[in-house]
Structures are given as C-alpha cells and as structure tokens.
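Asker: Quick one: this structure, given as structure tokens, is what I'll be asking you about.
Coordinate-derived values only; no laboratory data. If you're wondering where the values come from, they're calculated on a predicted model, not measured in any experiment. Ideal geometry is used to build each Cβ from the backbone, glycine not excepted, and the neighbour counts take in all protein chains shown.
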Amino acid sequence: MRKVSAILLSLAMAAGLAACGNQAEPAQKSDVTVRVGILRGADPMNLAQKEGPLEKRIEAAGAKLERSGSFPAFAPAIEALTAGSIDITVGSITAGISSLVGGTSDFKIFARQESDTNNTGIVARPESGIRGPSDLKGKKVAVNRGGTGEYLLFKAIDKAGLQPDDVEFVYLPPTEAGPAFGAGKVDAWATWGAFTSLAKEQHGAQLVIPASVIDTQNDVIYVVRTAFLNEHPHLVREFFEGLREEVNLSAKNLDQTTKLIQNIQNVSEQVARQQAKEGVIPVDSVDDTIRDRWQGIADYVFGKGIIPKAVDVKSHTVDAQSIEADNLAS
C-alpha cells in the first residue's frame, strides 16, 4: 500500500513540475507575420524601434513584425494593402475616405490620433504675399487629389468666404508637389507632416495657414486589411496597445525621437525637435462620437465634389478596445 502511494505521489510531483515548466515557457512562434506599410511621417509605427514595445507585443502574441516602405503617401500604401502585400498602414481620414470610393479597398480603421494641426496646413514663401486664407485668391496651390491637401484647401476657401474658382487647384502627388513648389510653379502647397518639414527646410516656406485656423479635423488613422483582422483579431488588439506604448516612449525620450525624425525626414535638429514635441499625440480607439465626426467629413468632401459619390465610413471601422482575445481564435 505504501509502495503504491509513493508511486502516485511521485507521478503527481512530476505532473506538477511539468505544469510549472509549461507556464514558464514563452508562447510558441507561429508562421504569422504582421506586415506593416511605413510612411515617411513621424507616426509611432515609423518611430518604433526594433525590440521596442510594438515588436515585443507582437512577438509575445506568437507572431513577428515586418516593415515595408516607406510609401510616399496613403494612396500607394492602400494599394499595397488591397493587393495583399501589407496588412496594416497609416494615413489620414480624408485619404481613407477617398480610398473607399471605388469599393475595392477592403479595410477597417481600428485606431486614430488627432491631427498635428501645428504641422499641417498651407505653406508658402514670404514673398508670395499669402498671410491668411483670403490671400489665396488668384493663387496657384498644389494639392493631392482626394486627400488631405484638397480637403485643406477647400476648408481655407470656406474660411475666407471665397469660391473654388477664385483659387487655381494644381493637382500633384506629394512627391511632385515639392519640386513644383521649390521651382516656383505654384504659389502655395496644402500639405502635412514630413512634407511640411521639407517645404520649410528646403524651400524656406512658412506654415501661413495652419490647419487649426481653418477648422479641419483630419485625424491620423490606422487601418488593417479586413481579412487579416478576421483571421488574427488578437494581433490587431496587441498592435493597438503597442502603438499606445510607443507614443508614451517617444514622449519620454524626446532626444531619441528627435534623432529618429531627423533620419527619417532628413531635416535639421530644430525642425525635428519641434515635430517631436508637437507630434506626441495619444493613440485612441474608434467610438461612436468619432464615427459621427468622420461621417461628417465624408459628407463634406462629397458635397464639395472631392469624391464622386457618398461613402459610409462607419461600416469600415472597428473599436480596437472591444476586441477580446479570449473570445477569438488566433
């Protein structure tokens, strides 16, 4: 009897040790890769360093992170996402709305940041004579069609009480707008982020009409390919939390953030530090208030003819904080 009890005790102890061993082991690596489309901006995806919070969260969830790019703007990034080459990318809500018009882009917006209104707007050189929205009358302004630039210019025109015909819209992608502005082929440029820095640094421009002056609400958005969200919702939740941690890390390490922005955008330390200070904006989830606001923007750009048909933004959103990993298969 004692012999049997001893054997049972030994088996129980072995089982207990095995269980402890299993708890201590890290999650098994899977063959899932989160492919991220990087843009040139100073967003937390681009500033995220190897072995930083974002990468650690994804790896702890059993996947790996892969970066692609940088893409010059949201439009080419969303083309790559639609083609299945990347899973997650970043842009603006106006660019996101435009991408939904054709019906071929299948993505969900899962996170947002308020726009950096101090680094977004209309830039011009001092000799242009443009000091505010009313000075745009008779001027040539470079804008990207259907995106942030065109939205900014329409908002400036509204603010000044002008008509669209009072201003000459020069439609150029950001990569062509910079050289055109530098060569004096346009008087002003409606732009954002890295391109605002470029205009200031390389062409002596000033942000003469900041976004805050013309009441824009052009949030930064983070989008995920719908199929990826359906297959790996827990990874999207972890990605969201990782973004939030990256913002906190950037705020705590402004010197390092400044150097990263300098390298990414090839600007001076002064310009990079300004972006580092002003661009540390919390990453939030998408709630009903935000959905209603974005729908208002979609209705506005449709009303202005920026997009050819109405868009239902709300159906292309998901609240990242509502994704419960415990209830979803990996």
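Asker: Using a Förster distance of 51 Å, how high is the FRET efficiency between residue 185 and residue 60, based on the Cβ-Cβ distance and rounded to 0.05?
Answerer: 0.50
Asker: Shifting gears a bit: Residues in the stretch 48-83 near a label at residue 175, defined as backbone nitrogen under 15 Å from the 7 Å Cα→Cβ point?
Answerer: Residues 69-80 qualify, since their backbone N sits under 15 Å from the label point.
Asker: Post the alpha-carbon centroid distance, the stretch 146-197 to the stretch 242-278, in whole angstrom.
Answerer: 26
Asker: Normalise the Debye intensity by I(0) for the stretch 81-152, one equal point scatterer per Cα, no solvent, then take log10 at q = 0.20, 0.23, 0.27, 0.28 Å⁻¹ and round to two decimals.
Answerer: The Cα Debye sum returns log10 ratios of -0.95, -1.12, -1.37, -1.42.
Asker: Read phi for every residue in the stretch 239-255 and hand back ³J(HN,Hα) as whole Hz from Karplus 6.51 cos²θ - 1.76 cosθ + 1.60, θ = phi - 60°, with x for Gly and Pro.
Answerer: 4, 4, 5, x, 4, 4, 5, 5, 4, 4, 5, 4, 5, 7, 10, 5, 5
Asker: Rank the residues 290, 221, 109 as a footprinting-exposure proxy: fewest other Cβ atoms within 10 Å of their Cβ go first. Spell out each step's value before the answer.
Answerer: Details: 290 21, 221 27, 109 24.
In increasing order of surrounding Cβ atoms, one gets 290, 109, 221.
Asker: Please list, in order along the stretch 199-207, the HN-Hα scalar couplings obtained from phi with the Karplus expression 6.51 cos²θ - 1.76 cosθ + 1.60 (θ = phi - 60°), rounded to whole Hz, x for Gly and Pro.
Answerer: Values, residue by residue: 4, 5, 6, 9, 10, x, 7, 10, 7 Hz.
Asker: Let me ask something additional. To the nearest 0.05, what FRET efficiency results for residue 145 and residue 165 with a Förster distance of 22 Å applied to their C-beta separation? Please report the intermediate quantities before stating the final value.
Answerer: Numbers: r = 17 Å, r/R0 = 0.78.
That pair, residue 145 with residue 165, gives E of 0.80.
Asker: Label residue 251 and residue 67 with points 7 Å out from Cα along Cα→Cβ: what is the distance between them in nm?
Answerer: So the two model labels end up 2.2 nm from each other.
Asker: Starting from the amide H of residue 317, placed 1.01 Å from N in the peptide plane, find each other amide H under 5 Å away whose residue is 5 or more places distant or on another chain.
Answerer: It is 109, by chain and number.
Asker: Moving to a separate point now. Could you derive backbone 3J(HN,Hα) for the stretch 122-131 from the dihedral phi with the Karplus parameters 6.51, -1.76 and 1.60 (θ = phi - 60°), listing whole Hz in sequence and x where the residue is Gly or Pro?
Answerer: Coupling constants for the stretch 122-131: 10, 9, 7, 7, x, 6, 6, x, 8, 10 Hz.
Asker: Okay, moving on. So what is the calculated 222 nm ellipticity per residue for the chain, using -39500 (n - 2.57) for each DSSP H run with n of 4 or more, over all residues, to the nearest 500 deg cm²/dmol? Working shown, then result.
Answerer: Details: 13 runs with 149 residues, N = 330.
Counting only the DSSP helices, I get -14000 deg cm²/dmol.
Asker: If I histogram all Cα-Cα distances within the stretch 167-235 using bins 10 Å wide from 0, what percent of pairs lands in each bin?
Answerer: Going out from 0 Å in 10 Å bins, the stretch 167-235 shows 16, 37, 22, 16, 8 percent.
Asker: Next question, about the same structure. Using amide H atoms built in the peptide plane, which far-off residues or other-chain residues are under 5 Å from residue 86 H to H?
Answerer: Result for residue 86 returns 81.
Asker: OK, next. Under a GNM of the chain (C-alpha, springs under 10 Å), which listed residue has the highest mean-square fluctuation: 46, 144, 253?
Answerer: Among 46, 144, 253, the largest GNM mean-square fluctuation belongs to 253.
Asker: Rank the residues 31, 284 as a footprinting-exposure proxy: fewest other Cβ atoms within 10 Å of their Cβ go first. Before the final figure, lay out the partial values.
Answerer: Working: 31 7, 284 16.
The most exposed by this proxy come first: 31, 284.
Asker: Report the charge-dipole magnitude of the chain in Debye, nearest 20, computed about the Cα centre from +1 at each Lys and Arg Cβ and -1 at each Asp and Glu Cβ. Numbers along the way, then the final one.
Answerer: Details: 34 positive and 41 negative charges, 99 e Å.
Dipole of the chain, to the nearest 20 debye: 480 debye.
Asker: Hey, which of these cross-link pairs are over 20 Å Cα-Cα: 56/314; 56/252; 56/108; 140/185; 56/277?
Answerer: Pairs exceeding the cut-off: 56/314; 56/108; 56/277.
Asker: Can you figure out the FRET efficiency of residue 321 with residue 270, using R₀ = 22 Å and their beta-carbon distance, to the nearest 0.05? The partial results should precede the final answer.
Answerer: On the way: r = 37 Å, r/R0 = 1.69.
So the FRET efficiency works out to roughly 0.05.
Asker: Next question. For the chain, what is the relative contact order in percent, using Cα pairs closer than 8 Å and at least 6 residues apart in sequence? If you can, show how the numbers build up before the last one.
Answerer: Details: 586 pairs, mean separation 77.9, N = 330.
Once divided by the residue count of the chain, the mean separation gives 24 percent.
Asker: What shape does the stretch 117-214 take by its C-alpha gyration tensor, where a ≥ b ≥ c are the square roots of the eigenvalues and a/c under 1.5 counts as rounded, a/b above b/c as prolate, and the rest as oblate? Numbers along the way, then the final one.
Answerer: Details: a/c = 1.32, a/b = 1.29, b/c = 1.02.
Since a/c stays below 1.5, the shape of the stretch 117-214 is classed as rounded.
Asker: Taking neighbour counts of Cβ atoms within 10 Å as a proxy for exposure, in what order, fewest first, do 229, 81 appear? All intermediate terms of the calculation are to be shown ahead of the outcome.
Answerer: Numbers: 229 22, 81 26.
Arranged by neighbour count, lowest to highest, 229, 81 become 229, 81.
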